[in-house]
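Everything below concerns the one structure shown next.
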Amino acid sequence: MGKNIAIIILALVLMLSLAGNVMLGAALWVTGQLAVANINAGFGGLVGFSISETYPAQVNNGDSFVITVDVANTLTTPIEVYEIDLNTPLLDGFRVDSVTPTATAINDYYSLAGYVEYMLSHSIPAGQTQTFTFQCTATQAGTWSGSIDVYDPGLAVESRVITIDVR
């Protein structure tokens, strides 16, 4: 038993140093999902989905615009998109007015941790793609970059960094 605990602790330390994400490590510890696929998830690999995004490279201050995130299920079984996060300083240049499909909850950790999470719990059938649409309004001139992070319930993540120039 002591040897197994030592191995689990060593694996947890390795995950934390590789992924750099205490939340991911804690979730893996609690759920017991000590799998290589989840360790690599922080680097955008070996998850059951892929993402692509579209957005304008440039908008005028005060203009409305759309960011779309396409999530493709690459598995032969359904997957769930648990949440999509938008991170700073991307959010310093615009506000999100609505999300489609509608988020079940919006958790604003912007001032505390630099992101806003849109809780979705949306199922995507095997081999299908779902588009998530963020209707936004530009609020401050500047060049704003940040990540879009898509999570499944096990906290496997795919991330993309986008840049939008607000004039």
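Coordinate-derived values only; no laboratory data. Every value quoted in this text rests on a predicted model; they were computed, and no experiment measured them. Cβ placement follows ideal geometry from the backbone for every residue including glycine, while neighbour counts extend to all protein chains displayed.
Neighbours of S147, meaning other residues whose beta-carbon lies under 11 angstrom from its beta-carbon, give a summed charge of -3 when Lys and Arg score +1 and Asp and Glu score -1.
What is the gain in length, in nm to one decimal, between Q135 and S159 on full extension, counting 0.36 nm per residue of separation less the C-alpha to C-alpha distance? Walk me through the numbers on the way to the answer.
Values: separation 24, 0.36 × 24 = 8.64 nm, distance 1.94 nm.
Extra length available between Q135 and S159 comes to 6.7 nm.
Entry note: the stretch 52-133 has Rg to Rh equal to 1.00, where both radii use alpha-carbon atoms and Rh is the Kirkwood radius.
Count the net charge of all other residues whose Cβ sits under 12 Å from the Cβ of D108, scoring Lys and Arg as +1 and Asp and Glu as -1. Could the numbers behind the result be given before it?
Values: positive: R95; negative: D85, E117.
Surrounding charge for D108 is -1.
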